[in-house]
Structure formats: C-alpha cells, structure tokens
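K.L.:
Provided herewith is a single structure, encoded as structure tokens, for subsequent inquiry.
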Amino acid sequence: MQDWEREALDAIKKAQDLEALRALKARYLGKKGLLTQEMKALAALPLEERRQRGQQLNALKEALEGALEAREKELEAEALRKALESERQDVSLPGVRLFAGGLHPITLMERELVEIFRALGYQAVEGPELESEFFNFDALNIPEHHPARDMWDTFWLEGAFRLQGPVGEEVEGKLLLRTHTSPMQIRYMVAHTPPFRIVVPGRVFRFEQTDATHEAVFHQLEGLVVGEGITMAHLKGAIYELAQALYGPESRVRFQPVYFPFVEPGAQFAIWWPEGRKWLELGGAGMVHPKVFQAVDAYRKALGLPPAYEGVTGFAFGFGVERLAMLRYGIPDIRYFFSGRLKFLEQFRGVL
Amino acid sequence: MRVPFSWLKTYLPELEGPEVLEERLAGLGFETDRMEQVFRIPEGVVFARVLEAHPIPGTGLKRLVLDAGQVVEVVSGAENARAGIGVALALPGTELEGLRVGERTIQGVRSFGMALSPKELGVGEYGGGLLEFPEGELPPGTPLAEAWAEEVVLDLEVTPNRPDALGILGLALDLHALGYALQLPEVRLEGEEVPIPFGLRVADPGAAPHFTLAYAFGLRVGPSPLWLQRALFAAGMRPINNVVDVTNFVMLERAQPMHAFDLRFLGEGILVRRAQPGERLRTLDGVERTLHPEDLVIAGYQGEKSFPLGLAGVMGGAESEVRPDTPAIALEVACFDPVAIRKTARRHGLRTEASHRFERGVDPLGQLPAQHRALGLLQALAGARVAKEILEAGSPEPPAPIPFRPEYANRLLGTAYPEEEQLALLRRLGCRVEGEGPYRVTPPSRRLDLRLEEDLVEEVARLKGYETIPLALPAFFPAPDNRGVEAPYQRERRLREVLAGLGFQEVYTYSFLDPEDAPRFRLPPFPLRLKNPLSPDRAALRTHLFPGLLKVLRENLALDRPERALLFEVGRVFGVAEGRVEEKTHLAGLLFGQGVGLPWGEGLSGYPLLKGLLEAFAERLGLELRVEAHPYPFLHPGVSGRVLVAGEAKGFLGQLHPELAKALELPPVWLFELSLPLPEAPFRFHDPSRYPLALRDLAVVVPEATPYGEVERALREAAGPLLEGLSPFDLYQGPPLPPGEKSLAFHLRFRHPERTLTDEEVEGVMQEVVAAVRARGWRIRG
C-alpha cells in the first residue's frame, strides 16, 4: 500500500463536513482522482502484474467508497442534529391568544331545562316582554281591582300605544312589562289549536327592590299542555320528570294547594333536592282555569277564528330559572346574573 | 295572618300541636311563613290593683298606691295610671328584657317596682301607657305568668281567594273538614224590646249590599279581661277598651270587620252614601283627609244635613270613636262591594285589617251572626244592654248551587276517588249536596271562592291531599298547526352558541336605561318610559343593547382591569312606530383591548378583528355579510359602517366615537349591533367541480378613498360565473405609487363546473376584468 492510500482513508475518516468529503471523493475517485489515474495506468502493466494490481486497486476502491459513505452518513446525521437543535422551541410557551367565549349561566340553565322538556315532546316558544294588561292579567282571570293583582308587583308604562297581538293584529290597552311568562299561554292558544305541549322560557319583571334573593328582572320557564283528557296526574308526571332529570332517581315531587287565578285546581310544587337534602319550593301550577279557555275562545271569535278550546283540559306550570342556576352552580347572590362581571361569567365557560 | 294556636284550639279541641297543625294547613293550601313563640311573662310580675293615684306636683309623674297582695307604692309616668284598674306590676328583682327592676327613690317617693306597659312586659308593641285590666280580674299578688300562658303564633299566608280564612273560625271550619271535631263558640244574647233612637238609610245599595246596625246602651267602657287582651296581642292587635276590643275580636274570629259609633255623634241616624266633593274627615289615625266623590262614607244625618263619620270598610272617624265615657253605640256590621273598598283604601294609602278583608269579600250571610256574637260579648264584658231589633238594609245574597259530577273530578284529576267519598268531603266542608247526575252542590256562604265545578274539584283534591293524585305522562300527536313552532327559538339559541364558539362571552344587561343615556350615547330619546321605575336612572326601556355593553365594560375596568374583552348580548329592545310599540330582538357585540396574537406581540385587534369575527359568524349562518361606510353619531366618523346581511341593512359596526369614549372614560372600543332575526339562507348543495383550477393574480391601483368593497364588487361582476373565488392578498400604499393611491392585489380562481378551462378562455375573462378596471379610471399594476 502506498502512502497516499493510507492518507486517503485517514482523511476520509477525519473530514469535517460534507464539502470536505466531496473534495476527498474527487481527489481519489474523481475522473482525475489518484485511484482513477492508477486504474488507467493498469493498462500499461504486464498481464500478471496488471491482474494483481487490479485486484489491489479494486479492493482499495471499495475501501474508499465504504469509508466515504460511512463518513457521509455520520456527517449528515450530525448536520440534521444541528439543524433540529437550532429549531428547538420552548413548547411550554403560550400559544396565540384567541378568545374562549362562553354562554351566560342563565342561558345554560334555560337550555338544560328546555332540553328536559323537549325530550318529553314539548316545543319551546317565546313571547314579548312588553305586554298589555289584557294578556298579562285580564285574560288570565286576574281582573282589575281584584286583590289577586297584588300578587304581581308590576312595572307600568307611560303613555298610550298599540301593541301587536297573537296573530299580528293590533291591541289597545295599558302596557306593562310582563310579570310572568303566563301571558304567552293566551297568545299561544289564540294562535294555535290543541293538542300541544309547549314551554316558554323568558325574561320577566317585578316591581321590587333587589337583594341577594330578589331581582326585579329574572327568568321563568312556563309550561302548557292542552288536549282532550289532560289531567292533574299528567301535571304531576311532568314535574316528576323535571325533578328526575335535574336531580336523579332520588328526587321526589310535592304538590300543595295554592291559589293562582288562572288555574283550578291550583298547586305549588316543590322538588326534593337530594344533594342539599331539602325541598325546593319551585313554582306554581295547576289545571287551566275554564275562564282562561273561555277568554281565549272569545278572543279567537273576535278575530273570526273558530272556538278551539271547548271540551279540552290542560295544565300549566311556571317556575324561576335563577334559583335552579344558583343551586346548580353554587351562586350565592341573584344579583350576580345581571352584574356583567366577567370574573363571574367566565367561570361558566367549562359548562358545555 | 297571625293565628294564635290556643285560640284556634278553642274551636278544635283535638288539635295535636303547632307542628302538626303547620303540616295540615300546608296540605290545605295555607303556608306558614313563620312560627313564633310569644308571651314569656317574667317571674316577679304580679297582678296589682291601683288603689290610689296621686300626681307628684311639677313632674307629670304619679305616686300609685297598689294592692299587690301587700300594699306597695310605685311611681309611674303613664297617663292612664289611675285608681280602679288592674296593672302588671314588676316587683324589685324582676328581670325584664334588658332591665332589672329595682327599688328606687324617684322624686322623693320610694318606688317598689314598676307598673308595666305592654312593651315592657313583652306582650305587644305599645309602650305609650300601662297595660290595664279590670281591677277584679285576678286576686292581687297573683303571678301574672299563671294567668297569661305562653303562646305559639303561626303567621299564615292566606291567598286572596280565601277571605274566609282571614278569620280563625274560618280556618277551623277548613280543618274540621279534615276530620277534627268542631266546637263552635256559644253565643248568648239577651235582647230588649226598646225603641232604637236612630235611623238607617243606605243611599248606595250597590256599594253596600247588606248593612246592619245594632243599638247597645248602658255601656261601662273599660279595660278588657285578660283572656281577650291576650288574644288580641297574640293576633298582633293592640287592645283599646272592651267595646273596641270586642269588635276586633269578632273580626279576627269571623273575618267580618265591624265598627262601633259613639251614639252622641250620630245625629238622627246613619246614612251610607258616597262622599261629596271636597268633604273632609279626620280618621282614627289622626289624619285629616279630603274625600273623593267615589269614597263610600258612613255619615250621620240631621234633617237634610249629613256629615261623614267614617270611611266605609276602611277606617272610622276620630270624632265618633268609643271613649271611656261613651254611654251607647250604634254597631255597624256590613257587607261592602270589594272594588269600592279597594279603591278607597288605595286612594288614601290606608290598608287596614278591615279593608284587607272587605277587599277580598266577606260572608254575605255573616252580618247578623257577627252582630249577635259581638253584642253577646258586649253584654258579658261591658255590661251593655242591647236592643232586640237590628236595623237592616238590603238583603244578603245566598250562594247559588253548582252542578257537580264526581266523575268529572276524576277526569280532571286523573284519579279514581269514589263518588260517595267525594260527596262526603264536600258535605264536611259545609256544602249542601242535592239531586244527582249532576249533583247540585251549594257551598257554605263564607266560601266566596267556590263558584264553578272546577272549584269543587279542587276542594275534593285538597281534602284528599294532592299526594293521592298519581303520576302520568300524556301521549298524543300535536295538532298540525303546532309543528315547527320552535324554529325561531332554536335558531336564536344556535346563534348564541356560534358566537360563544367564536370567542364572544355572553352577558345579560337590564332592559332599563337612564333616560339621560339617550343624549349620553347620542341616541334619539327613548320613546318608552316606566310609570313607576325603581329609580330615575332605570326609567326608560332600551332601544339599543350597546349602551348596556359599554356600562358592563366600564364596571369591569373599574373593578378588575381586564386587558381585553369580547362580549355579546342577545336581548329585547323597545321602540315605537306610528303609535305602536315595536319589540325587537337585537344582537350586540363589543371588542376592547389586546386582540388575537402572541402574548408579547402587538397582535391583531380593533376593527379588522371584530369585522373578521362578524364575517366568520355570518359564514357559520350561511349568510353573505357586507359593511359599507355610513355615519352613526356614536361611532368614530372614520370607522363607522352599516352592516348588510344578505343585502339587508341589519345594523352597524365600527369604533365608539373617541369623544364618547372619553366622556365615558373608556379606552378605544369597537362595537356592532344587529337586528334579529337575520335573513335565513336557504341551504343549497353545490357539487364541487373536479376540473382543474386556473389561478391568476391581479393588482389594481385605485384612489386611496375608493372602498375595497367597490373594487371587489367590480372584479366579481366583470369576471362572471367562471370566477370560483377571489381573495385579497396585498394592500399597499407608498413609493413607487404616487401619493393618494393604493394598490390592491387579488388571487383569482377560475373553474368550469363541467370541463377544463382553456388558457384562451381564462385570458378572455381576465381581459374583461382589466377592461372593467380601466373603465372605472383605475390602473392595473405591474
């Protein structure tokens, strides 16, 4: 073995980068490389020597090529390693800040309640917040100058304006902010025929000072089921399903007589809350009062619609949404809902 | 209504105890707000007779000589301290609430204890005078606690349909229907055949359908016996004297208010009429009132003249009230029109025990029984003599029978109560049951709420207990016109969910605004105002949501200093158009602070971010959204646009006017507000083309003031149907462009739905586009 041959193998092993390696490859294996030269020189040798020298050179070529390839892989691996290292990022750094967004807890609670009743075949409809005295009181068998009116402290409006009725007609009369979602009973029945099941979620208003458990503006969910053969047992069944859906199989319901002018018999209902181990007085309910059906059919008649509520029965219920949301989420003060405080609202983003 | 347990028990001797009673009442529909333990008479308080009362000159005090088993002296400042009455005397050493009674020397007089007012004794609110008894009520020296037992009072919520339950006897009758034996009070009355020295005329029988007037004379007005005072104190009333106390006691027993007039002030008799304009009356509370012509008054008359003595059904007059020297009375027990009484009570801001009951209605047959009960007590307690005849005007109207089908009750309730059981329950309530199929049920006259068959059904269910009604679910197909009614609700709900998904936080704000907010937020005056706002700054109904959102932001900044906020609200707003109120649903959004980006970078915020979010929102609803420059007084004049959704103007988007922001002490804020519902885009499926895309780029140089939207629209129009998409990728101003010009660069994507486009076709379209650009005086760049 000649000196350059030894040097060549050594240089290849020590090449520092791919550039140097390519130069070495050219130097030995290139067209004018030392080995190529030697190969070319073979032709001049006598046969026996040429055969011997040829074998030597072939072996050397293989050795050089092997060394080059090995070194190349080493250098490539090294280059990749360096490149990757240079692209290293702190994966713990925060990403681009988007906005997470979220729904108001009352929206969430209302959605849960509506879904419970949708599963029982109810449909959700909404009514106006600005109402006439007729739909909010008179048609619900709460005449003017009756002490029952005192049960609803009312925000009245100044001035005289007309209002849109259940089927788009114009209505005259004193205006108020609805004190309950019940006027939608009248509006819906005027515009539709039984049988049906509806729930009416919505904002309601009471003229009262606010404190930790009272708001002048809050939300109710009203239910109304009308048809032939609807009974008070069906009312109890509906509330029972509500209780079970909200609080599981340990929950129970309790009904007690109470007076609401638009139902007869009337009831207030409570739900047993197993977690809190107490009865929650939730709301009012009852069988739709015959005078309410009569008021609806009288109104239909005035509009030229045929009577639709003779011989049917129905039940209605209504309850507040805030109280359930307060219990569901552990909210201590009803005023939080309208506070607009983001530190409060943002906590409900996790509620899907 | 306050129900002393022991009082109720006098009618229902079998009552178990207050806790069981509370449960029974709840089952009957009477909720107990509160149960209260009252009357803990302290040890050391004894009954004493006042033997002598001597004024201590120059002090207003009196030296009382008392028989308290032994003769003692005390000093008292009470006006009513006098010889001949019984008092509650706290002996030295007695522990009163917050006070230990001692033996003291006052004005040189040794005072051996203290004569007590109701307040000092802890039995009532009144502290203006001594609690006084008939002098022979108890043996002197008797510990008062022995005669004055403790009491449990249930504070009941009585709903307006049950005025009968505003009398303790009425409640007892309801409980009796559950099975408790009833013991009615014994009425003993000895009437005399004497002429009645007054007349009765009712000028307005509509307002006073039944009016009775009795004559009692030879009265000895004085303190009531202990049992009566104890009963009144427990019920929350103050004993006055035996005559007034009897009227109040009978009212509390029977829910029938009554009033005694001192005969000396009547003239020739009583006239029931409406007030005359400008007529005045000083009522028992000492207030001089000007009467309204609709007020019903009880007047005295003399010849042609008459003068008001009291506001009928509300409050008596001060002049004719019963005093210690009143020798005779006319006792009024009437049935008034509830609406007339309610109006008068409201007009004068007077809500009395009497008006509370009359407003709700009294038993139309209850006047004479109440007269007899009261007169009997007056005989027993005030030594009264009573005329046998009672003047009466009008005739009471007995209740009418109601058809009743037990089978209907079961149908309405979903129960299977046996017919006989239902009838038995109604009878037990005092109903008369006649006929059959349907039965004719005449309710007791006190139950004004029983008018319809359904009312009787409730009675059956109430007495059986609502817990006996089973649970069931109804199965039926809704009538066809109910199908799909929830679409608007569901759509609005999904819209909220899309906004939350895009990063908006939902808030709720009040529907009320300050009327001053209109000029403050540069809005037209709010057309709808409340008659009775909670406060002046909540007197108007909102016409827009954004002022509420700005207030929310302001409060958050003040309290928590957030760096950024992206808010929305969906809510109702209220306007007026041509005399008709218009309630609409709006959606408003607000962006403030650092937008989207790396925490240490500048990030993207402001108008482009809010616009982008709004565009993404529209896209999620399948709607095309455009904004065109349009001024709004509350927006920055340079960043103010009208939002068009599917070509319909729906609201605004822009930056809050810097002047407004400054006035509100707010940083820069971007807002939008849209009127809902948004147009609905009918869904149409497009099969995506599989043929190759042709891509072209184009840069257009336009005057700086030319809106982007105009350029995009021009390109789209010129490119025609082969243009599949167009997206801007560069907006440039500066050299080499001359000042006042800008360059907008677009990627254009062409594709044919059914074949491959040729280069010639695409070039042809591009030439159209270029021509359109030039036709507008714009240039193609590069």
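K.L.:
From the list B:Leu309, B:Leu281, which residue is part of a strand (DSSP E or B) and either touching a His at 6+ places or on another chain (Cβ under 7 Å) or over 19 Å from B:Ala393 (Cα atoms) (or both)?
P.N.:
Just a single option satisfies the conditions, and that option is B:Leu281.
K.L.:
Which of (1) crowded, with 20+ Cβ neighbours inside 10 Å; (2) of a type in the set (A, V, I, L, M, F, W, C); (3) within 7 Å of chain A (Cβ to nearest Cβ); (4) farther than 30 Å from A:Ser132 by Cβ does B:Leu553 not meet, given it meets every other one?
P.N.:
Of (1) crowded, with 20+ Cβ neighbours inside 10 Å; (2) of a type in the set (A, V, I, L, M, F, W, C); (3) within 7 Å of chain A (Cβ to nearest Cβ); (4) farther than 30 Å from A:Ser132 by Cβ, only one is false for B:Leu553: (3).
K.L.:
Another question, then. What pairs come out if I take residues in the range A:219-244 that are facing chain B (nearest Cβ under 9 Å) and pair them with residues that are in a helix (DSSP H, G or I) and hydroxyl-bearing (Ser, Thr, Tyr) whose C-beta lies under 9 Å away, six or more apart or interchain?
P.N.:
Note: pairs meeting the criteria are A:Met232/B:Tyr466; A:Lys236/B:Tyr466.
K.L.:
Moving on to the next point. List the number of the failed condition for B:Thr543; all other conditions in (1) part of a helix (DSSP H, G or I); (2) touching a strand residue (DSSP E or B) at 6+ places or on another chain (Cβ under 8 Å) hold.
P.N.:
(1) is the only condition that B:Thr543 fails.
K.L.:
Using the structure shown, decide if B:Pro524 is open to solvent by 10 Å² or more (accessible area, probe 1.4 Å) and either within 27 Å of A:Asp153 (Cβ to Cβ) or assigned to a loop (DSSP other than H, G, I, E, B) (or both).
P.N.:
So B:Pro524 passes the test.
K.L.:
Find the residue count for the range A:316-339, including only residues that are outside any helix (DSSP H, G or I), within 14 Å of chain B (Cβ to nearest Cβ) and out of contact with any strand residue (DSSP E or B) (no Cβ under 8 Å at 6 or more places or on another chain).
P.N.:
Qualifying residue count, the range A:316-339: 2.
K.L.:
Right, something else. Output yes when any residue across the range B:245-254 is open to solvent by less than 20 Å² (accessible area, probe 1.4 Å) and at pLDDT below 95, and no when none is.
P.N.:
no
K.L.:
Does B:Thr59 count as of a type outside the set (Gly, Ala, Ser) and either under 23 Å from B:Pro134 (Cβ atoms) or surrounded by 15 or more Cβ atoms within 10 Å (Cβ to Cβ) (or both)?
P.N.:
Taking the combined requirement at face value, the residue does not satisfy it.
Yes/no per residue for (1) touching a residue at least 24 places away in the same chain (Cβ under 8 Å); (2) of a type in the set (A, V, I, L, M, F, W, C); (3) in contact with a Pro (Cβ under 8 Å, 6 or more places away or on another chain); (4) open to solvent by 20 Å² or more (accessible area, probe 1.4 Å):
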| site | (1), (2), (3), (4) |
| --- | --- |
| B:Leu660 | yes, yes, no, no |
| B:Ala663 | yes, yes, no, yes |
| B:Pro667 | yes, no, no, yes |
| B:Phe672 | yes, yes, no, no |
| B:Pro677 | yes, no, yes, yes |
| B:Phe685 | no, yes, no, yes |
| B:Tyr691 | yes, no, yes, yes |
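K.L.:
Also, I was wondering about something else. Exactly one of (1) in contact (Cβ under 8 Å) with a residue 60 or more places away in the chain; (2) assigned to a strand (DSSP E or B) is unmet by B:Gly69. Its number?
P.N.:
(2)
K.L.:
Then there is this: Tally up the residues in the range B:20-35 that are exposed (fewer than 14 other Cβ atoms within 10 Å of the Cβ) and in a strand (DSSP E or B), please.
P.N.:
Residues that pass the stated criteria total 2.
K.L.:
A further question on this structure: When you scan the range B:502-515, how many residues do you find that are in contact with a helix residue (DSSP H, G or I) (Cβ under 8 Å, 6 or more places away or on another chain) and within 7 Å of chain A (Cβ to nearest Cβ)?
P.N.:
Adding up the residues that qualify gives 9.
K.L.:
What helices (runs of 4 or more DSSP H) lie completely within the range B:320-382 and have 3 or more residues being open to solvent by 10 Å² or more (accessible area, probe 1.4 Å) and within 27 Å of B:Pro195 (Cα to Cα)?
P.N.:
B:367-382
K.L.:
Quickly run through the range A:115-165 and pick out the residues that are outside any loop (DSSP other than H, G, I, E, B), under 22 Å from B:Val339 (Cα atoms) and open to solvent by 10 Å² or more (accessible area, probe 1.4 Å).
P.N.:
Correct list: A:Glu133, A:Phe134, A:Asp138, A:Arg149, A:Asp150, A:Met151, A:Trp156.
K.L.:
While we're on this one: If you scan the range A:233-253, which residues turn out to be charged (D, E, K, R) and either assigned to a loop (DSSP other than H, G, I, E, B) or open to solvent by 30 Å² or more (accessible area, probe 1.4 Å) (or both)?
P.N.:
If the condition is that a residue be charged (D, E, K, R) and either assigned to a loop (DSSP other than H, G, I, E, B) or open to solvent by 30 Å² or more (accessible area, probe 1.4 Å) (or both), then A:Glu241, A:Glu250, A:Arg252 are the ones that fit.
K.L.:
Here's another thing I want to ask about it. Does any residue of the range A:83-103 turn out to be over 29 Å from B:Ala616 (Cβ atoms), touching a residue at least 60 places away in the same chain (Cβ under 8 Å) and within 11 Å of chain B (Cβ to nearest Cβ)?
P.N.:
Within the range A:83-103, none of the residues are over 29 Å from B:Ala616 (Cβ atoms), touching a residue at least 60 places away in the same chain (Cβ under 8 Å) and within 11 Å of chain B (Cβ to nearest Cβ).
Yes or no, residue by residue, for (1) at pLDDT below 95; (2) of a type outside the set (S, T, N, Q); (3) on the phi > 0 side of the Ramachandran plot; (4) within 38 Å of the chain's Cα centre (by Cα):
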site	(1), (2), (3), (4)
B:Leu154	no, yes, no, yes
B:Gly167	no, yes, no, yes
B:Gly170	no, yes, no, yes
B:Gly179	yes, yes, yes, yes
B:Glu193	no, yes, no, no
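K.L.:
Still on this structure, please answer the following. For the range A:205-218, which positions are at the interface with another protein chain (Cβ under 8 Å from one of its Cβ atoms) and not in a loop (DSSP other than H, G, I, E, B)?
P.N.:
A:Phe205, A:Val217
K.L.:
Separate question: Could you tell me which residue of the range A:166-184 is nearest to the other protein chains (Cβ to nearest Cβ), considering only residues that are hydrophobic (A, V, I, L, M, F, W, C) and open to solvent by 10 Å² or more (accessible area, probe 1.4 Å)?
P.N.:
Looking at the filtered set, the residue picked out is A:Val171.
K.L.:
Could you please find all residues in the range A:254-301 being under 25 Å from B:Leu456 (Cα atoms), open to solvent by 10 Å² or more (accessible area, probe 1.4 Å) and away from chain B (no Cβ under 13 Å)?
P.N.:
A:Gly283, A:Ala295, A:Asp297, A:Ala298
K.L.:
Here's something else I'd like to know. State which residue is farthest from B:Leu173 (Cα to Cα) when the search covers only the range B:19-56 and only residues that are out of contact with any strand residue (DSSP E or B) (no Cβ under 9 Å at 6 or more places or on another chain) and touching a residue at least 12 places away in the same chain (Cβ under 8 Å).
P.N.:
B:Arg40
K.L.:
Of all residues in the range B:468-493, which are closer than 27 Å to A:Pro257 by Cβ and open to solvent by 30 Å² or more (accessible area, probe 1.4 Å)?
P.N.:
If the condition is that a residue be closer than 27 Å to A:Pro257 by Cβ and open to solvent by 30 Å² or more (accessible area, probe 1.4 Å), then B:Thr468, B:Pro470, B:Leu471, B:Ala472, B:Leu473 are the ones that fit.
K.L.:
Taking the range B:226-274 on its own, how many of its residues are part of a strand (DSSP E or B) and among the small types (Gly, Ala, Ser)?
P.N.:
Residues flagged as part of a strand (DSSP E or B) and among the small types (Gly, Ala, Ser) within the range B:226-274 amount to 3.
K.L.:
For the range B:456-473, name all the residues that are outside any loop (DSSP other than H, G, I, E, B) and within 30 Å of A:Pro147 (Cα to Cα).
P.N.:
B:Leu456, B:Val457, B:Glu458, B:Glu459, B:Val460, B:Ala461, B:Arg462, B:Leu463, B:Lys464, B:Tyr466, B:Glu467
K.L.:
Can you name every residue in the range B:434-455 that is over 17 Å from A:Gly266 (Cβ atoms), of a type outside the set (A, V, I, L, M) and not in a loop (DSSP other than H, G, I, E, B)?
P.N.:
Hits for the range B:434-455 are B:Glu434, B:Tyr439, B:Arg440, B:Thr442.
K.L.:
Right, another one. Can you tell me which residue in the range B:572-588 is farthest from the other protein chains (Cβ to nearest Cβ), limited to those that are open to solvent by 10 Å² or more (accessible area, probe 1.4 Å) and under 20 Å from B:Pro679 (Cα atoms)?
P.N.:
Result: B:His586.
The values are calculated or read from the model by the stated rules, or taken from the named source; none is laboratory data. This structure is a prediction, so every number in the text was calculated from the model and none was measured. Positions of Cβ are backbone-derived with ideal geometry, glycine not excepted, and every protein chain shown enters the neighbour counts. Calculation scope for accessible area: heavy atoms of the full protein, side chains included, ligands and nucleic acids excluded. Shrake-Rupley method; radii C 1.70, N 1.55, O 1.52, S 1.80 Å.
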